[in-house]
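*Asks:* The structure is given below, and queries will be raised subsequently.
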Amino acid sequence: MTTVKSSVESATRAEIAPRTEEVFRRSGALTEGHFQLKSGRHSERYLEKFLVLQDPAATGELVAYWAARYRSDAERLVDVVAGPTTGGIILAFETGRRLGVRGIFAEEVRAADGTFSRVFRRGFRIEPGERVLLVDDILTTGGSLLGILPAVEAAGGEIVGCEVLVDRSGGIAALTSPVTGRRYPLSALWTLELPSFEPGRETCPSCARGVPVHVPGSSGTSAH
């Protein structure tokens, strides 16, 4: 288990990135192989974030870094923290606990026409004017957080920031709402270069070599 550092609130970004990397590497979260990411793209390395999120001390330490940015003695800067299923549930709860506010999550639902969206269910509500902090684990395409934006906007919430543990997107600096076009700043504790590829022998090196692809979180592999 990871020991929480007492000086997390005063840590600089230059200190935060290597510490975040250290936590992920020590947990064994960075693995090599042939993986299908949630986005559908393939990668030869994968971050299994739940090997970090299973450790309350490690999760608490990492969340404390971004929570410190939204804490003020003069006024409350955040009214509710929201994240996407599944890792975002843990992160939203821990961030909310540290800020003394609610932590809620948005689930993915499928409409009758086959399209997917994220909604707040289970009695979760965002009141008009509430300041909302969005959090998630690994950013690849930004799809999970992008899916939450319309739900927050429709409720009248004001998004004050978007935070992720690891950015492997290649440099997404902001998220643009697919409904309103508004842009929201995005920040990551650690930026990691992990190339990803469209599936297929012409685009993915592992597919071209005939390496079976593993879908993390599933029970098997398949050949491409």
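The values are calculated or read from the model by the stated rules, or taken from the named source; none is laboratory data. Here the structure is a predicted model, which means the values were calculated and not measured. Cβ sites come from the backbone with ideal geometry, for glycine too, and all protein chains shown count toward neighbours. Ligands, DNA and RNA are excluded from the accessible area calculation, which covers all protein heavy atoms including side chains. Shrake-Rupley method; radii C 1.70, N 1.55, O 1.52, S 1.80 Å.
*Asks:* Can you give the local net charge around VAL164? Use residues other than it whose beta-carbon is closer than 11 angstrom to its beta-carbon, Lys and Arg +1, Asp and Glu -1.
*Replies:* Charge balance in the 11 Å sphere: -2.
*Asks:* What trypsin sites (Lys or Arg not before Pro) in segment 117-213 are in a loop by DSSP, with at most 15 other Cβ atoms within 10 Å of the Cβ? Before the final figure, lay out the partial values.
*Replies:* Values: sites: ARG118, ARG121, ARG122, ARG125, ARG131, ARG168, ARG182, ARG183, ARG201, ARG209; in loops: ARG121, ARG122, ARG125, ARG168, ARG182, ARG201, ARG209.
Taking segment 117-213 and a limit of 15 other Cβ atoms within 10 Å, the loop trypsin sites (Lys or Arg not before Pro) found are ARG121, ARG122, ARG125, ARG182, ARG201, ARG209.
*Asks:* Still on this structure, please answer the following. Which net charge results when you count Lys and Arg as +1 and Asp and Glu as -1 among the other residues whose beta-carbon is under 14 Å from that of VAL119? Walk me through the numbers before you get to the answer.
*Replies:* Values: positive: ARG110, ARG118, ARG121, ARG122, ARG125; negative: GLU107, GLU108, GLU153.
So the surrounding residues net to +2.
*Asks:* Further question: May I ask you to give the solvent-accessible area per residue for segment 31-136, in square angstrom, as obtained with a 1.4 angstrom probe?
*Replies:* Numbers: 5010 Å² over 106 residues.
Heavy-atom SASA per residue in segment 31-136 reads 47 Å².
*Asks:* Which distance in nm do the two modelled labels at GLU15 and ALA74 give, with both placed 7 Å along the Cα-to-Cβ direction?
*Replies:* 2.4
*Asks:* List the trypsin sites (Lys or Arg not before Pro) within segment 10-43 that fall in a DSSP loop (any state other than H, G, I, E or B) and whose Cβ has at most 15 other Cβ atoms within 10 Å. Spell out each step's value before the answer.
*Replies:* Working: sites: ARG13, ARG19, ARG25, ARG26, LYS38, ARG41; in loops: LYS38, ARG41.
When the trypsin sites (Lys or Arg not before Pro) of segment 10-43 are filtered for loop state and at most 15 Cβ neighbours within 10 Å, LYS38 remain.
*Asks:* For the chain, which whole-number percentage of the solvent-accessible area (1.4 Å probe, protein heavy atoms only) is attributable to carbon and sulfur atoms? Walk me through the numbers before you get to the answer.
*Replies:* On the way: 5570 of 11060 Å².
C and S fraction of accessible area: 50 percent.
*Asks:* Identify the trypsin sites (Lys or Arg not before Pro) of segment 43-86 meeting these criteria: DSSP loop state and at most 15 other C-beta atoms within 10 Å of the C-beta. Please list the in-between numbers first.
*Replies:* Values: sites: ARG45, LYS49, ARG69, ARG71, ARG76; in loops: LYS49, ARG71, ARG76.
Answer in residue order: ARG71, ARG76.
*Asks:* Still on this structure: Between segment 135-213 and segment 24-47, what's the alpha-carbon centroid distance in Å?
*Replies:* Using only Cα atoms to place each centre, the spacing works out to 15 Å.
*Asks:* Please return the longest range in the chain lying between exposed loop sites, taking GluC sites (Glu not before Pro), DSSP loop only, at most 10 other beta-carbon atoms within 10 Å, and leaving the sites out.
*Replies:* On the way: sites that count: GLU75, GLU193, GLU202.
Result for the longest clean stretch: 76-192.
*Asks:* Work from the charge dipole of segment 1-124 (Cβ charges, +1 for Lys and Arg, -1 for Asp and Glu, about the Cα centre) and give the residue of THR86, ALA111, GLY33 farthest towards its positive end.
*Replies:* ALA111
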